[in-house]
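Notes to accompany the following structure.
The values are calculated or read from the model by the stated rules, or taken from the named source; none is laboratory data. Please read all numbers here as calculations on a predicted model, not as lab measurements. Cβ atoms come from the backbone with ideal geometry, glycine included; neighbour counts cover every protein chain shown.
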Amino acid sequence: MSAGSAPPGGTTPPIPPPILGGSLSPQTPAAPQTPSAPPLIDWPTLRAAATAVARRAYAPYSGLRVGAAGQTSDGRIIVGCNVENASFGLTLCAECGLVSALHASAPADGSAHDGASLEAVAVVAGDGEPLLPCGRCRQLLLEAGGGSLLVDTPAGPVELKFLLPAAFTGADLARRQEPTRRETP
């Protein structure tokens, strides 16, 4: 029987119930809803990209080369590596390079804030084994992908919100910002 045709006996089959939420009413039949599929993440490809970019890291002081690879909401793979500095405080983690690459690859029309976000991130050492982002990088990744960003760990992917509970966000700024006071001369 083809779609839309009546079965033998001439009656139309009932509309199936929706898969997710909603309700069916005889007056307004609803089309079945399909669940939104989780993003398809090719973790081996992300890890391989992170391992490859780790080879380009500049790590003359620690000797720890780190690579990060992320999959964006529009399906691109972007990468970043650590860049050390003799003044250790100026060292850039691989995740910083990754988030920078995300913004640098945003549309040229300046709509970076409406552009793609990170959906999944793999961070590895030069040997290809996973590393968890430091606290600073977790905060940076939060703004680039949100709490549902998947982070590769030795035990498997974990949502960032579980690795950074009670995170500081833009909402905290809005609630705590003091009114601007103008000084009078």
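Screening ALA116, ALA144, ALA120 for residues that are of a type outside the set (S, T, N, Q), touching a Phe, Trp or Tyr at 6+ places or on another chain (Cβ under 9 Å) and buried (at least 20 other Cβ atoms within 10 Å of the Cβ) leaves exactly one candidate, ALA120. Only residues that are among the polar types (S, T, N, Q) and either surrounded by 14 or more Cβ atoms within 10 Å (Cβ to Cβ) or at pLDDT 95 or above (or both) were counted across the range 63-78, and they come to 2. Could you check, for the range 158-173, whether at least one of its residues is in contact with a Pro (Cβ under 6 Å, 6 or more places away or on another chain) and surrounded by 14 or more Cβ atoms within 10 Å (Cβ to Cβ)? The answer is no, given that none of the residues of the range 158-173 is in contact with a Pro (Cβ under 6 Å, 6 or more places away or on another chain) and surrounded by 14 or more Cβ atoms within 10 Å (Cβ to Cβ).
Look through the range 148-157, keep the residues that are surrounded by fewer than 15 Cβ atoms within 10 Å (Cβ to Cβ) and touching an Asp or Glu at 6+ places or on another chain (Cβ under 9 Å), and return whichever of them is farthest from GLY97 (Cα to Cα). Going through the qualifying residues, I end up with PRO154.
Looking across the range 40-62 at every residue that is over 20 Å from VAL158 (Cα atoms) and of a type in the set (D, E, K, R), the one that is surrounded by the most Cβ atoms within 10 Å (Cβ to Cβ) is identified as ARG56. Here VAL158, VAL99 are screened, and the one residue that is in contact with a strand residue (DSSP E or B) (Cβ under 7 Å, 6 or more places away or on another chain), within 30 Å of ARG55 (Cβ to Cβ) and either at pLDDT below 90 or of a type in the set (A, V, I, L, M, F, W, C) (or both) is VAL158.
Of the residues making up the range 128-138, those that are surrounded by fewer than 16 Cβ atoms within 10 Å (Cβ to Cβ) and of a type outside the set (A, V, I, L, M, F, W, C) are GLY128, GLU129, GLY135, ARG136.
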